[in-house]
Amino acid sequence: MLFRSRDDRTFGVGISAGLVGLDGSESPDRVLAAADRICYEAKSKGRDRVQVYRPEHLSEGTQNAELSMVSQINHAFELGHFRLYRQEIVALNATDGDTPHFEVLVRMLDRDGHPVPPSAFMPAAERYNLLGSIERWVISSLVDYLARQCESGAIPRDPAQATSAFYAVNLSGASINDASFTDFLQRLINRFNLPRGLLCFEVTETTAIANLSKAAALMHDLKKLGCRFALDDFGIGMSSFAYLKYLPVDYIKIDGVFVRGMVSDPMDQAIVEAIVRIAHSLGLK
């Protein structure tokens, strides 16, 4: 479907729909959960389609498990049962004096205090519109931690002493499409006065491409606040290199499907070489 705006620009609009039949025996919560799940499936299969729900798509056990996980997520918010972890990013030729880089990860504790991996709760969080709230908690908690590090002197605030250290956080399409996200982050950064460049946001290539104009606008806005950006899972898109001209990123993370085989597979090696060469020509790391 094509629409033309008042300034004579043309926009393509697509639609994905989930269709759930009603027989009066299901509760409203289960019907809505099934509709939400089948809409998500329609999008994942390529968009611009109608996906009809059938019982085998979502068994009662699966549905109950997802609703139970949503309850656990809400419970974790109430009791403060989310935890941050950091994973160091190390260069192959790193030395002891190199600036530390970290990727920030989130874990959730269940009702018994045991850690729940993201693969267990993130899909439910995404389907039931809780992912944006989790990401805001992650960012708020990280900024608070970094501010305390600055106060202790572990991270210098003075731009003349500032290093190139950064902490990378993943951003989903939920945050990219949230019109209030920039204001939320601006208030945080102004409140805690973090050094520029300390926060780096990672967006997967597929997420950026699916939300190209909003992703580019968000990156430009946040870079004004001193944030950096990394494009994750790079290389899996049909026109990966072309998007680098429109997305103001600082780093690209080459998708593992190429990296794992580059020592033994000449094709993977050639792809990685090409990505590195073009990235360096654009001033990216």
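The values are calculated or read from the model by the stated rules, or taken from the named source; none is laboratory data. Everything numeric in this text was worked out from a predicted model, so none of it was measured. Backbone-built Cβ (ideal geometry, glycine too); neighbour counts: all protein chains shown. What goes into the accessible areas is simple: the full protein's heavy atoms, side chains included, and nothing from ligands, DNA or RNA. Shrake-Rupley method; radii C 1.70, N 1.55, O 1.52, S 1.80 Å.
If I compute solvent accessible area with a 1.4 Å probe over the protein chains, what percent of it on the stretch 169-235 is carbon and sulfur?
Ligands and nucleic acids excluded, carbon and sulfur give 48 percent.
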Original post:
In bins 5 Å wide, starting from 0, what share of all Cα pairs of the chain does each bin hold, as a percent?
Top reply: 1, 5, 9, 13, 15, 15, 15, 12, 8, 5, 2, 1, 0, 0
Original post:
If ligands, DNA and RNA are left out, what is the accessible area of Tyr243 with a 1.4 Å probe, given in Å² to the nearest 10?
Top reply: 50
**OP:** Please list the non-local residues whose amide H lies under 5 Å from the amide H of Asp178, H modeled 1.01 Å from N, same-chain partners needing a gap of 5 or more.
**Re:** none
Original post:
Comparing Asp178, Asp255, Asp48, which has the greatest mean-square fluctuation in the GNM of the chain with Cα pairs linked when under 10 Å apart?
Top reply: Asp48
Original post:
Looking at the chain, what % of its DSSP beta bridges pair antiparallel, to the nearest 5?
Top reply: 40
Original post:
Using the alpha-carbon atoms, what tilt in degrees (0 to 90, nearest 10) does helix 131-152 show relative to the longest principal axis of the chain?
Top reply: 20
Subject >> Accessible surface of Lys285 - all protein chains present, 1.4 Å probe, nearest 10 Å² >> reply: 150
**OP:** Starting from the Cα of Phe241, step 7 Å along the direction of its Cβ; do the same at Arg187; then give the gap between the two resulting points in nm.
**Re:** 4.4
Original post:
In whole Hz, what ³J(HN,Hα) sequence does the stretch 210-227 give by Karplus (6.51, -1.76, 1.60; θ = phi - 60°), x for Gly and Pro?
Top reply: 5, 10, 4, 5, 6, 5, 5, 5, 5, 4, 4, 5, 6, 5, 5, 8, x, 8
Original post:
Tell me, what ³J(HN,Hα) does each residue in the stretch 262-274 have, in order and in whole Hz, if you take phi through Karplus 6.51 cos²θ - 1.76 cosθ + 1.60 with θ = phi - 60° and put x for Gly and Pro?
Top reply: 6, 6, 10, 10, x, 5, 4, 4, 5, 5, 4, 4, 5
